[in-house]
Number of protein chains: 2
Amino acid sequence: MYSEIKNGGVTSAKGYKAAGVACGIKDGIKRDFAMVVSEKTANAAGVFTRNVVKGHSLQLTLKNLRATGKADAVVVNSGCANACVGADGDEAALKVVEYAAKKLNTKPENIIINSTGVIGKVLDWKAAVHGVDLAFDALSVEGGTDAEAAIMTTDTVKKEYAVSFELNGKTINIGGMAKGSGMIHPNMGTMISVITTDAAVSSDILQRALRETADCTYNRVSVDGDTSVCDMTVIMANGLAGNDEISDWDSPERELFSEMLKVVCEYLARMLAKDGEGATKLMEVKVVNAENKEQAYTIACAIAKSPLVKTAMFGEDANWGRILTAAGYSGAEFNPDTVDVYIGDVMTCKNGCALDFDEDAALVVLKKNEVVITVDMKAGDAWDRMWSCDFSYDYVKINGSYRT
Amino acid sequence: MYSEIKNGGVTSAKGYKAAGVACGIKDGIKRDFAMVVSEKTANAAGVFTRNVVKGHSLQLTLKNLRATGKADAVVVNSGCANACVGADGDEAALKVVEYAAKKLNTKPENIIINSTGVIGKVLDWKAAVHGVDLAFDALSVEGGTDAEAAIMTTDTVKKEYAVSFELNGKTINIGGMAKGSGMIHPNMGTMISVITTDAAVSSDILQRALRETADCTYNRVSVDGDTSVCDMTVIMANGLAGNDEISDWDSPERELFSEMLKVVCEYLARMLAKDGEGATKLMEVKVVNAENKEQAYTIACAIAKSPLVKTAMFGEDANWGRILTAAGYSGAEFNPDTVDVYIGDVMTCKNGCALDFDEDAALVVLKKNEVVITVDMKAGDAWDRMWSCDFSYDYVKINGSYRT
């Protein structure tokens, strides 16, 4: 029904070029400035952090994107979050956007900007403007991977993915890149994702589809429960695939588009969890047969966030007691006497009671780099899940010394 | 107004003896069974975990204490939580209580029992009954410290404290012991505290005073955000001080008693936070000048729980951005543009904006073993606080290998 594009990413769809350059926001050697450009003005949408505190670059994007629903380009710097610095931060973001717009011969409102990195420093807009020049000269279809490199902070692997599929005889491509690591949690903690497609989709549909997709992909990732101040997922749809614009939510075309968007975002979301700071393994927490979706979500979230569950995963310890404990304090009401807990396919607890399970079999599961924890509530037919990762020495090491 | 009792603890009040023995629930060498006995049946009260899942020993205590409001003794074992094991767990707790009651010549309903340790194993009631015998023979005023040793799991220091004060010409003593470490969080995560007093206080007043005290002491401690399935604070008041029974909530006597109870519990609560698993320092988070108490609590709680703030404390990094970020995602609504953040007495952020503060002065604060973080909302006159600790390599080490 769809095919993966080999080495696909943010420039896999028709009409997109990208670049990632070192402009001196970091040390002048590491890439710190990314640009993704559509050759034709694209419809665009975004989902943003719900943190009460919002970075200045993000605030500008929020304002512009809501007003226009259009974009020609996305520019993102790493090394500085441009957050909590007052009017200077607003001004810096605006200067970069104005310069990029001039360079790309468009309106400032059509430039999506964001910044990630340390809070409390004003974006060096002169360096960023230099970045615009450098990136503009380097724009290419191959530049997607450099762009990804430029938005990474403590990420250890690049996160890119793209698929292609047929829609009414036209080939549609959707691809994207993401950066994550620490502070990832439902509602976009230090997480940036840029998705591009050549499908023609109206801005309204794009916004609704992205929101829905984010809710079941990026918003189901938790690394440490913290959410950041300036992070986002954005999508551009430039229509170069030549399909009739998708503008009816109830159409099969929209449904197919949403499904494919989910494939891309789920892939990237899993990569984010797996590459959580210091993570040695991906942890997927599924709560099934719950009374309702909210109960399933609340319990999955508490388990995925629990430092005790996460350290047990790191220690490869089948400590289902901590899993049940986290469910118990999640805030969800439930009857513990019907709950089964599985680690991989090993049932460790039945009806809320310990089982004399095969520890060796559980260890085989726990030694893998992806572990699925399933909590069967036996109370209904709702379900939800979270992706998370284990909690290691390296998490402490990375975060004990990030700023200085 | 009150004096600390030197080396005071759970047997400082008149008429209490205690013992802590090794009965074989652990390895036969480590103390694992504690008993605290009042020579006269005491009025008693308790505050218990709000986890949906509750240990079997705790369930029995909940039932008995609510019915009687009385107790002659508290027995607590470590090494086994007696949780999530079904009817066998209920039966084991009952057998121990029945035996202890016979030994102490009282009703089973007057024995408070609890268990802490690994979830999913039935309490070895034969070992515990042996523990009753051993402890009974060892009961003494000096035995308080042994009792404390017997309830410790991953605690590294003993937590005991007692004060004495005058009430209408009578000398009243209040003392107690506590165990904590990991999984401590508001609402009694793996936290056990036994308080004793020789004051005469009605059961109703005792319950209300303990609830109120727990809310501003033990329920303001967070180590890792997890809350456990079988933990509690209980208090016994045997009246041997000879005061007229405190039975009027609005009396000055009750107010003084509550105040003294808070002194004891706050001392123990701070020790719990400071001795959090792997902790190198106590972190006190104060949110002041908030719009209302709930806002202050919500924000303090998010900061105290944030793994990023806690690792920054471990790394002695004045990373106020993470503090403000945690406030922002706490769920509380507020205007970030009025918020100041202090690390110790160093203002690091004013009106939501970075300050060019003295990093050396901040480092002096951060190198101490107690760090106060203050968030000034400048929005009202409510305040709240949480005690927490930093997040270290040792936290991961301890919890990556606890069960096996």
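The values are calculated or read from the model by the stated rules, or taken from the named source; none is laboratory data. Just so it is clear, the model here is predicted, and its values are computed rather than measured. Counting neighbours? That spans all protein chains shown, and the Cβs are built from the backbone with ideal geometry, glycine included. Accessible surface areas use protein heavy atoms only, side chains included; no ligands, DNA or RNA. Shrake-Rupley method; radii C 1.70, N 1.55, O 1.52, S 1.80 Å.
Points worth noting:
- For segment A:54-111, the calculated P(r) over all alpha carbon pairs, in 5 Å bins from 0 to the bin holding the longest distance, is 4, 20, 31, 25, 15, 4, 0 percent.
- Considering every alpha-carbon pair of segment B:297-404, the percent of pairs per 5 Å bin, from zero through the bin containing the longest distance, is 2, 12, 22, 24, 18, 11, 5, 3, 2, 1.
- Counting Cβ atoms of other protein chains within 10 Å of each Cβ in B:331-342 and taking the mean gives 2.
- Looking at chain B, the accessible area is 35 square angstrom per residue; that uses a 1.4 Å probe and ignores ligands, DNA and RNA.
- Inter-label distance for B:D360 and A:E142, nm, one decimal - labels placed 7 Å from Cα along Cα-to-Cβ: 5.1 nm
- Chain A: relative contact order in percent, alpha carbon pairs under 8 Å with at least 6 residues between: 17 percent
- For q = 0.10, 0.23 Å⁻¹, Debye-computed log10 I/I(0) when each Cα of segment A:1-124 counts as one equal scatterer: -0.32, -1.40
- Among B:M35, B:M313, B:M283, the largest mean-square fluctuation in a Gaussian network model of chain B, built with springs joining Cα atoms closer than 10 Å, belongs to B:M313.
- Sorting A:T197, A:T338 by solvent-accessible area of protein heavy atoms yields A:T338, A:T197, largest first, with a 1.4 Å probe.
- Fluctuation leader among A:G180, A:G69, A:G321 - chain A, Gaussian network, Cα springs under 10 angstrom: A:G321
- Expressed per residue, the C-alpha convex hull volume of segment B:278-321 stands at 79 Å³.
- Candidates B:M1, B:A87, B:T116 compared by Cα position along the dipole of segment B:1-153: farthest toward the positive end lies B:M1, with charges placed on Cβ.
- Each Lys and Arg adds +1 at its Cβ and each Asp and Glu adds -1 at its Cβ; summed about the Cα centre, segment A:39-190 shows a dipole of about 460 debye.
- A label point on A:K6, set 7 Å along the Cα-to-Cβ line, lies at 8.2 nm from each of its counterparts in the other copies, closest listed first.
- When the Cα convex hull of segment B:292-356 is projected onto planes of every orientation, the mean area is 4.3 nm².
- Neighbourhood net charge (11 Å Cβ-Cβ; Lys/Arg +1, Asp/Glu -1) for B:V375: 0
- Relative to the compact-globule estimate of 2.2 N^0.38 Å, the Cα radius of gyration of segment A:350-391 comes out at 1.42.
- Interface B:A - total buried accessible surface [probe 1.4 Å, Å², rounded to 100]: 4200 Å²
- Environment charge at B:V10 (Cβ cut-off 9 Å; Lys +1, Arg +1, Asp -1, Glu -1): -2
- Relative to the dominant Cα principal axis of chain B, helix B:293-305 is inclined by about 90°.
- Under Stokes-Einstein, with the Kirkwood radius over Cα pairs as Rh, the value for segment B:232-373 at 10 °C and 1.306 mPa s is 91 µm²/s.
- When the Cα convex hull of segment B:330-377 is projected onto planes of every orientation, the mean area is 3.7 nm².
- Apportionment of accessible area to carbon and sulfur, chain A, percent (1.4 Å): 47 percent
- For segment A:41-199, taking Cα atoms only, Rg and Dmax work out to 15.5, 51 Å respectively.
- Relative intensity, log₁₀ I(q)/I(0), of chain B from a Debye sum that treats every alpha carbon as a point, q = 0.14 Å⁻¹: -1.16
- Think of the protein assembly as shown as a dipole: +1 on every Lys or Arg Cβ, -1 on every Asp or Glu Cβ, centred on the Cα centre; then among B:A241, A:A18, B:A304, A:A18 lies furthest on the positive end.
- Every helix of 4 or more DSSP H residues in chain B counts as -39500 (n - 2.57), and over all residues that averages to -10500 deg cm²/dmol at 222 nm.
- Mean per-residue shielding of peptide B:114-127 is 2, counting Cβ atoms of other chains within 10 Å of each Cβ.
- Shielding score for A:81-93, defined as the mean number of other chain Cβ atoms within 10 Å: 3
- Which of B:Y267, B:F357, B:Y329, positive extreme of dipole for segment B:254-391 (C-beta unit charges): B:Y267
- Base-10 log of normalised Debye intensity for segment B:219-316 (one unit scatterer per alpha-carbon) at q = 0.12, 0.25 Å⁻¹: -0.58, -1.36
- A Cβ-based charge dipole, computed about the Cα centre of the protein assembly as shown with Lys and Arg at +1 and Asp and Glu at -1, lands at about 500 debye.
- Translational D in µm²/s for the protein assembly as shown (Stokes-Einstein at 4 °C, 1.567 mPa s, Kirkwood Rh from C-alpha pairs): 46 µm²/s
- FRET efficiency estimate (nearest 0.05) - Cβ-Cβ, A:K367 to B:D27, R0 30 angstrom: 0.60
- Compared with the dominant Cα axis of chain A, that is its longest principal axis, helix A:87-103 is turned about 60°.
- Per-residue packing, averaged as other Cβ atoms within 10 Å, sorts the ranges A:212-221, B:11-20 into the order B:11-20, A:212-221, beginning with the highest.
- Spherically averaged projected area in nm², based on the convex hull that wraps the Cα atoms of segment A:2-48: 5.3 nm²
- About the Cα centre, charge dipole magnitude for segment B:237-287 (Lys/Arg +1, Asp/Glu -1 at Cβ), debye: 480 debye
- For chain A, the longest principal axis of the Cα atoms and the long axis of helix A:125-138 meet at an angle of about 80 degrees.
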